[in-house]
Amino acid sequence: MRLELQRVNSDYSGFLQLTELAHGTSDLALKAVELDMGAATWVDANMCAPLGAILYRVSRGLNAVRLTHLRAKVRDILAKNGFLSTYGEAKRPDRFGTTIEYMRFEPKDARYFAEYVESRLARKEIPKMSAALLKKFRESIFEIFSNAVIHSETNMGIFACGQFFPGQHRLDFSVADLGIGIQQNLMKKRGIVLSAADAINWATEGKNTTKTGPIPGGLGLKLLREFISLNHGRMQIASDRGYWELTANGQERTDNFPYPFPGTVVNIEINTADTSAYRLTSEPPDDIF
Amino acid sequence: MNEQITLKMYEIVGSELCVASDDGQKVHDEIAAALKAGHAVQLSFANVETVTSAFLNAAIGQLYSSFPSEEVKERLSVTDMDPDDMLLLKRVVETAKEYFSDPQRFEMARREALGEEDEE
């Protein structure tokens, strides 16, 4: 079976393509699958996380996946960040140290994930960021991972990948899971029925949470949204048939896909030149409890 | 009152990264045991670099499912915590109080925490 992939950016059209790929491969078993990337003139490196998640699911159906006709520029990026290592290509050295490698984690790997992030952010090539920004970025990534661990109920793992763009002062990072998605989680845990896009919106607002047990929740995605908004960065969430994005000028928009993404993806893009303090008040609270 | 017990986050988690819900659960279980035994508890965040709401929800927010908020306020304190992290903790506490202000949710959480079965 042969499938095609075109340009994959961190936006609606990029995710739309991935949902179509997921749909086209959802029932395959014991097949040879060729993903023809001849028309993919660019792939945002962080989008390797959701792409890798979909292809991992295909491989678990005992299908043999091959990536063909990669353009030189795309091959270079995907070989440097280790994505192509899964498909038999040797990893290329990342001389400029701008990649945060593509990795798959188990939900129990929170500590391992944390070390992965810490070690990549500690490299000397990473653009200088203010201590406050680095702290918020780090926290944000861990919040996304924790969200996937707590809510997705995945047994297929959690996929992560990132990329620095030093010239543009951008740092992009994605976390994808193959779990039940926000819409189904909301229906199952709280009995609330919303469209997939509205379910994502719900999860990013106020103190909404799908948690029902003794551990409260309802902050992870809101903290992310607040931070990215202050940073004038961008954020996208794709979950099931729903798409939600926060633009650099603070606008939010939602959309729907014809076919579902088989889990949830959270992409964040931060502006690394930002020098904001990120403290809501100048003094810490005296009375916490 | 019994003497105050200091729980060191770095020691319990074994790292400067207090980020995982599972690690928060370990902290919670130690705090809950000390509170039940009648002690005041001080949480030391010395040398902790990063905390997340997921960790704090499990470690501290969860306490409000089994202890009255007045008791938590009177007997729990934090030290050596980064001011930004204190703001995060404050939000976690506010969210937890609101979460458990729903009596039905509080009762369900209490039962789940105690491992009780639903009534027939």
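The values are calculated or read from the model by the stated rules, or taken from the named source; none is laboratory data. Just so you know, these numbers come straight off a predicted model, no measurement behind them. We place every Cβ from the backbone using ideal geometry, glycine too, and count neighbours over all the protein chains shown.
In the range A:17-34, the count of residues that are in contact with a Pro (Cβ under 7 Å, 6 or more places away or on another chain) and among the basic types (Lys, Arg) is zero.
Each row is one residue, and each column tells you yes or no for (1) modelled with pLDDT under 95; (2) closer than 21 Å to residue A:11 by Cα; (3) not basic (Lys, Arg).
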residue	(1), (2), (3)
A:200	yes, yes, yes
A:206	yes, no, yes
A:214	yes, no, yes
A:227	yes, yes, yes
A:230	yes, yes, yes
A:236	no, yes, yes
A:239	no, yes, yes
A:246	no, yes, yes
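Here A:104, A:138, A:111 are screened, and the one residue that is charged (D, E, K, R), farther than 30 Å from residue B:101 by Cβ, in contact with a strand residue (DSSP E or B) (Cβ under 6 Å, 6 or more places away or on another chain) and within 14 Å of chain B (Cβ to nearest Cβ) is A:138.
Within the range A:133-156, one or more residues are small (Gly, Ala, Ser) and more than 23 Å from residue B:82 (Cβ to Cβ). In the range A:205-216 there is no residue that is crowded, with 24+ Cβ neighbours inside 10 Å and either touching a residue at least 60 places away in the same chain (Cβ under 8 Å) or part of a helix (DSSP H, G or I) (or both). The residue list B:11, B:16, B:70 contains one member that is within 12 Å of another protein chain (Cβ to nearest Cβ) and closer than 28 Å to residue A:109 by Cα, which is B:16. The residues of the range A:177-192 that are farther than 13 Å from residue A:240 by Cβ and either surrounded by 19 or more Cβ atoms within 10 Å (Cβ to Cβ) or not small (Gly, Ala, Ser) (or both), listed by number, are A:189, A:190, A:192. Somewhere in the range B:36-50, is a residue assigned to a helix (DSSP H, G or I) and more than 8 Å from chain A (Cβ to nearest Cβ)? Within the range B:36-50 (the criterion being assigned to a helix (DSSP H, G or I) and more than 8 Å from chain A (Cβ to nearest Cβ)), the answer is yes, since at least one residue qualifies.
Summed over the range A:63-82, the residues that are surrounded by 17 or more Cβ atoms within 10 Å (Cβ to Cβ) and under 11 Å from residue A:34 (Cβ atoms) give a count of 3.
Screening residue B:51 on (1) of a type in the set (Val, Ile, Thr); (2) under 17 Å from residue B:74 (Cβ atoms); (3) buried (at least 22 other Cβ atoms within 10 Å of the Cβ) shows it passes everything except condition (2). Taken together, A:95, A:60 contain a single residue that is more than 18 Å from the chain's Cα centre (by Cα) and either surrounded by 22 or more Cβ atoms within 10 Å (Cβ to Cβ) or within 30 Å of residue A:169 (Cβ to Cβ) (or both), which is A:95. Within the range A:26-51, being within 13 Å of residue A:261 (Cβ to Cβ) and modelled with pLDDT of 95 or more holds for A:47, A:49, A:50, A:51. In the range A:250-277, the qualifying residues are those that are β-branched (Val, Ile, Thr) and part of a strand (DSSP E or B), and the one that is nearest to residue A:185 (Cα to Cα) is A:264.
Out of A:191, A:213, one residue alone is more than 23 Å from residue B:21 (Cβ to Cβ) and within 14 Å of chain B (Cβ to nearest Cβ). It is A:191.
For residue B:102, state whether it is more than 8 Å from every other protein chain (Cβ to nearest Cβ) and at pLDDT below 85. Judged against the criteria, residue B:102 is a match. Filtering the range A:216-233 down to residues that are small (Gly, Ala, Ser) and out of contact with any strand residue (DSSP E or B) (no Cβ under 9 Å at 6 or more places or on another chain), which residue is nearest to residue A:170 (Cα to Cα)? It comes out as A:220. Restricted to the range A:120-172, and to residues there that are hydrophobic (A, V, I, L, M, F, W, C) and assigned to a strand (DSSP E or B), the residue that is surrounded by the fewest Cβ atoms within 10 Å (Cβ to Cβ) is A:165.
With respect to residue A:41, determine if the residue is of a type in the set (S, T, N, Q) and part of a helix (DSSP H, G or I). Answer is no for this residue. Of the residues A:173, A:164, A:159, which is away from every other protein chain (no Cβ under 13 Å), closer than 27 Å to residue A:9 by Cα, of a type outside the set (Ser, Thr, Tyr) and touching a Leu at 6+ places or on another chain (Cβ under 6 Å)? Going through A:173, A:164, A:159 in turn, just one is away from every other protein chain (no Cβ under 13 Å), closer than 27 Å to residue A:9 by Cα, of a type outside the set (Ser, Thr, Tyr) and touching a Leu at 6+ places or on another chain (Cβ under 6 Å): A:164.
Looking at B:29, B:85, just one residue is under 17 Å from residue A:140 (Cα atoms) and more than 8 Å from chain A (Cβ to nearest Cβ), and that residue is B:85. If you check A:92, A:75, A:66 for being touching a Leu at 6+ places or on another chain (Cβ under 9 Å) and either closer than 21 Å to residue A:152 by Cβ or part of a loop (DSSP other than H, G, I, E, B) (or both), only one passes: A:92.
Put simply, of B:78, B:27 the only residue that is over 24 Å from residue A:115 (Cα atoms) and either at pLDDT 95 or above or of a type in the set (Gly, Ala, Ser) (or both) is B:78.
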